[in-house]
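I have placed the structure first, in the form of structure tokens, so that the comments after it can refer back to it.
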Amino acid sequence: MRLEMTPRWLVGLLALFCANIARGQDYGWAEQMFEKLEHDFGVVASGAEMKHRLKITNKYQQKVHIVGIATSCGCTAAKPARDTLASGESAYIDITMNTRKVINHKEIKLTITFDQPKFAQAVVRVKAFINPDVLLNPGEADFGSVYKGTDKKLRMSLIYNGKGRSTITSLVCKNPNLEAKLVPVRQDGAVVHYELHVTLKASAPLGELRDQLVLVTDDPASPHIPVMVEARVEAEYSVTPELVSFGNLAPGERKTINVFVRGKEAFTIEKIESEKTAGTFETRLPKDARTLHVLPLTMIAPAEGGIVNEEFTVTIAGREDPITFKVYGKVVAPGGAAATNSAGTFVPANPN
């Protein structure tokens, strides 16, 4: 058998070629934007739905764009809150792991691909140990949308198989806006069936709530088992958008933007008021009660250039405290001159 040796000069040329490719695919810049490149959910119940937010910050002068996220397992998904980040801007990538079809140790690889300012990929590793002896249904306490000032309760099923060696010793709830209780239902040998009662209190503030309850066991291998809790607390009445931007207008120009006022139940609007910009705005107040009012707010740009920056109050029948929204616009006079806006009282147009 004849052996042919590769010439040394060819080996050197191939090594140089590979090194140049490696330098051309320097993905380190993408990984440096992440607060960390791995997350461990720890020991979790079978059937649990676990969630984590991974922070990413654009440390560069150029705009960064996420073109896609691939996952090595269908049990895990990831989605960025925003796929485009300006220089210095931060956002979160929401990672969700569903453990219904997996048990024991699981490690998943997320590949985040960027196409701006240049192509790169960052790899994030997510892992968990799914304990087959703990079964949770549903996978999390998800309250969905809840109006502020309202108590809401959920019940979950929990099955724990201590195999005669371990038990659940306590349930920890550190969030003052939540209340949780573990109630034994029945026992089949070493298997204990529970109901997990979770209450979102009326004291919960507006906004998103995301927290965990913790099941404490005397099993050294899995002493703490988390249970996700999520809710979105909304106001009984809300205005959208909270900031109405009319942009740039020429003197005398009219522009109308719809303002949406929503309520938990049907309601009527008594009046809309502001302290400045006399004769600058018009709207029509509906007379009937609805859960959603669409108010066409028209801005008539003053003759003088300037900034219009105003806050409006919406008074709802039977409600002591009004709700508010803000309005911004800029009147650009001929030649681009801008001055201050006039003062006055907002007077709604008479409804037809």
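The values are calculated or read from the model by the stated rules, or taken from the named source; none is laboratory data. This one's a predicted model, so the numbers in the text were calculated from it and none came from an experiment. Cβ coordinates were reconstructed from backbone atoms using ideal geometry, including for glycine residues, and neighbour counts include every protein chain displayed.
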Scan the stretch 292-305 residue by residue and report those that are more than 29 Å from the chain's Cα centre (by Cα) and either β-branched (Val, Ile, Thr) or crowded, with 20+ Cβ neighbours inside 10 Å (or both).
Leu297, Thr298, Met299, Ile300, Ala301, Pro302, Gly305
Reported set for the stretch 34-85 where residues are surrounded by 17 or more Cβ atoms within 10 Å (Cβ to Cβ) and within 14 Å of Gln116 (Cα to Cα) is Asn58, Val64, Ile66, Leu85
Sole exception among (1) farther than 30 Å from Gly164 by Cα; (2) surrounded by fewer than 21 Cβ atoms within 10 Å (Cβ to Cβ); (3) under 25 Å from the mean Cα position of the chain (by Cα) for Val124, by number
(2)
By residue number, the members of the stretch 244-260 that are aromatic (Phe, Trp, Tyr) and either buried (at least 19 other Cβ atoms within 10 Å of the Cβ) or over 19 Å from Glu310 (Cβ atoms) (or both) are Phe246
Looking at the structure I just gave you, is Lys127 touching a residue at least 60 places away in the same chain (Cβ under 8 Å) and not assigned by TED's automatic domain parsing to the domain that holds Asp211?
yes
Taking into account only those residues within the stretch 269-284 that are more than 18 Å from Ser238 (Cβ to Cβ), crowded, with 16+ Cβ neighbours inside 10 Å and not charged (D, E, K, R), which is nearest to the chain's Cα centre (by Cα)?
Ser274
For Lys106, only one of the following conditions fails: (1) surrounded by fewer than 18 Cβ atoms within 10 Å (Cβ to Cβ); (2) in the same structural domain as Lys36 (by TED's automatic domain parsing). What is its number?
(1)
Lys181 - would you say it is within 30 Å of His65 (Cβ to Cβ), without any contact (Cβ under 8 Å) to a residue 40 or more places away in the chain and either surrounded by fewer than 16 Cβ atoms within 10 Å (Cβ to Cβ) or of a type in the set (Asp, Glu) (or both)?
no
Turns out the strands (runs of 3 or more DSSP E) fully within the stretch 289-352 with at least 2 residues that are in the same structural domain as Val259 (by TED's automatic domain parsing), at pLDDT 90 or above and in contact with a Pro (Cβ under 6 Å, 6 or more places away or on another chain) are 306-316
For the stretch 37-146, please list each of the strands (runs of 3 or more DSSP E) lying entirely inside it that holds at least 1 residues being among the basic types (Lys, Arg) and more than 30 Å from Gly207 (Cα to Cα).
104-116
Filter pass, Lys106 being modelled with pLDDT under 95 and touching a strand residue (DSSP E or B) at 6+ places or on another chain (Cβ under 6 Å)
yes
Identify, by number, the condition in (1) outside any strand (DSSP E or B); (2) within 25 Å of the chain's Cα centre (by Cα) that Glu179 doesn't meet.
(1)
Out of everything in the stretch 243-273 that is polar (S, T, N, Q) and out of contact with any His (no Cβ under 9 Å at 6 or more places or on another chain), what residue ends up being nearest to Ala333 (Cα to Cα)?
Asn248
